[in-house]
Amino acid sequence: SLVSSVLLLVLMQSGALCARRFRGGRNPQPRRSPPPPTYRADRGDTTESFPLDFTAVEENMDNFMTQVKNLAQSLYPCSAQKLDYDMRLNFLENTSVTCNDGSPAGYYLKESRGSRRWLIFLEGGWYCFNKENCDSRYETMRRLMSSSKWPQTKTGTGILSPLPEENPHWWNANMVFVPYCSSDVWSGATAKTDQSGYAFMGSLIIQEVVKDLLKKGLENAKVLLLAGSSAGGTGVLLNVDRVAEMLEGLGHTAIQVRGLSDSGWFLDNKQYHCTDCVDTASCAPTETIKRGIKYWGGMVPERCKQAHEGEEWNCFFGYRVFPSIKSPVFVVQWLFDEAQLTVDNIQLTGQPVQEGQWRYIQNLGTELRNTLKDVPAMFAPACLSHEVITRNYWIDVQVKGTSLPRALHCWDRSLNDNRNNKAPPKGCPVHLIDSCPWPHCNPTCPTIRDQFTGQEMNVIQFLMHMGFDVQKMAQQQGMDPSKLLGMLSSGS
């Protein structure tokens, strides 16, 4: 009946809201609180009474829902809440596919048995490209090379969150988090050798995770979204077609494989300062990948490999590999990516940047825009940041009035409509790129803090801190300096 369906739905909502408070997530938007429960005076105790009035439900649904929520809260007290929203660790069945140090690779899983949508997320965390800097990485960042100290559970955030307030369109999907322990941008297929000292099996780990998940319900999936951030975002570009082809080869032709690449669209541009290639951060991007691909035995997509025969390193750069990818991919990229600036030797250390650096940063935004202009589905805010889809503020950033979860939902709808030969939905954009020219000119960018004081900075303070010259910029834009300052402070 309608009443029992509504009651079940509200109990579920009540449980989700309790869980949010219980786990200390971000506060949801303020809601009107329901009237306090009535108490029976005639019994001389404080037993809560929730008389439900089922008359004229259609005419007074708000009042009815208030009554049902009161009942739900009494039956489902937060203090007794024991719902488990965490993902649990599983090691791969194929024990020959390992992390760098030979320890077993694995994944975290939270099943959602009512859903036919699966989200597999690839963790990021740079890489190493020779014995020396891999040894150093093993000493300082061992969890990115070994599973020996991985916790048994992991809590999903952002697009991996099971809470609808934080993850409006994917909260009910089957969630999989694959820890990064191969240091190879998810590209390797090489067992441990005496010469390298490490296994590099990132690409094989992804394939084995998918095979294991088939036995846990993935075989009945409608959509598989392979997502990742930073090195994991590049890993999506390198592996999404391979996953699709593997599933097709195993007979699972009904599963729609898609990609979501966050902060993995790097440029092979010229560094601001050229330095010796000592580690990942100081080395030019092209040089580290050229060395790494040999050291890892890295694999790239077959179509991209054919296009760049003998120079397969090109396929690690988004704008070069993207044209060869057959699966639908949504690209998320900050126009002023902190990792890109790091490898370009722009050090934002709290000192105002020099004019040459400022021009370089602005040009980076222009270059990135140019490489993204032909990508049909993308979200590129003019912010200085790195990674976003697993951050709890991912719902707050907007480009041209559209949030990232909304843009992904529009993309979902457009892909479904394409399959059903329907026109794409109106007012539902999927190609979103900021046009303003400098970092944090978008007022919805994540909060910036001064590295030394920890104080929040507004847009003007940040731009001044970066060495921004209001007079010169106003002159370039052909406007009065006070008008430019007014526009900046209002977030225009």
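Here is how the numbers come out for the structure above:
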{"quantity": "Some residue of the stretch 330-340 being acidic (Asp, Glu) and either touching a strand residue (DSSP E or B) at 6+ places or on another chain (Cβ under 7 Å) or open to solvent by less than 40 Å² (accessible area, probe 1.4 Å) (or both)", "calculated": "yes"}
{"quantity": "Residue list for the stretch 199-213, restricted to those being outside any helix (DSSP H, G or I) and out of contact with any Phe, Trp or Tyr (no Cβ under 7 Å at 6 or more places or on another chain)", "calculated": "Ala199, Met201"}
{"quantity": "Residues located in the stretch 173-195, provided they are more than 25 Å from Phe317 (Cβ to Cβ) and at pLDDT 95 or above", "calculated": "Ala173, Asn174, Met175, Val176, Phe177"}
{"quantity": "Inter-residue pairs, beta-carbon under 8 Å, first within 20 Å of Gly264 (Cβ to Cβ) and in the stretch 386-414, second among the small types (Gly, Ala, Ser) and surrounded by fewer than 19 Cβ atoms within 10 Å (Cβ to Cβ), 6+ apart", "calculated": "Val397/Ser403"}
{"quantity": "Subset of the stretch 149-176 (residues that are more than 16 Å from Gly102 (Cα to Cα), open to solvent by 20 Å² or more (accessible area, probe 1.4 Å), touching a residue at least 24 places away in the same chain (Cβ under 8 Å) and not hydroxyl-bearing (Ser, Thr, Tyr))", "calculated": "Pro151, Gln152, Lys154, Pro164, Glu165, Pro168, His169, Asn172"}
{"quantity": "Filter result (free of Cβ contacts under 8 Å to residues at least 40 places away in the same chain and within 21 Å of Leu89 (Cα to Cα)) within the stretch 208-248", "calculated": "Leu214, Lys215, Glu219"}
{"quantity": "Filter result (under 20 Å from Cys315 (Cα atoms) and assigned to a loop (DSSP other than H, G, I, E, B)) within the stretch 248-268", "calculated": "Ser263, Gly264, Trp265, Phe266, Leu267, Asp268"}
{"quantity": "Unmet requirement for Asn392, which otherwise passes all of (1) of a type outside the set (Val, Ile, Thr); (2) at pLDDT 90 or above; (3) open to solvent by less than 30 Å² (accessible area, probe 1.4 Å)", "calculated": "(3)"}
{"quantity": "Helices (runs of 4 or more DSSP H) wholly inside the stretch 412-490 containing at least 3 residues that are of a type outside the set (Gly, Ala, Ser) and at pLDDT 70 or above", "calculated": "470-477"}
{"quantity": "Only listed residue being open to solvent by less than 10 Å² (accessible area, probe 1.4 Å) and within 16 Å of the chain's Cα centre (by Cα), chosen from Gly202, Gly233, Gly188", "calculated": "Gly233"}
{"quantity": "In the stretch 134-159, the residues that are part of a helix (DSSP H, G or I) and of a type outside the set (Ser, Thr, Tyr)", "calculated": "Cys134, Asp135, Arg137, Glu139, Arg142, Arg143, Leu144, Gly158, Ile159"}
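Yes or no, residue by residue, for (1) out of contact with any strand residue (DSSP E or B) (no Cβ under 7 Å at 6 or more places or on another chain); (2) surrounded by fewer than 18 Cβ atoms within 10 Å (Cβ to Cβ); (3) closer than 24 Å to Gln256 by Cβ; (4) of a type in the set (Lys, Arg):
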site	(1), (2), (3), (4)
Arg359	yes, yes, no, yes
Lys373	yes, yes, no, yes
Gly401	yes, yes, no, no
Pro405	yes, no, yes, no
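The values are calculated or read from the model by the stated rules, or taken from the named source; none is laboratory data. On a predicted model such as this, the values are computed, not experimentally measured, just so you know. When we count neighbours, we look across all protein chains shown, and the Cβ atoms used for this are built from the backbone with ideal geometry, even at glycine. Please note that ligands, DNA and RNA were not included when accessible areas were found on the heavy atoms of the full protein model with its side chains. Shrake-Rupley method; radii C 1.70, N 1.55, O 1.52, S 1.80 Å.
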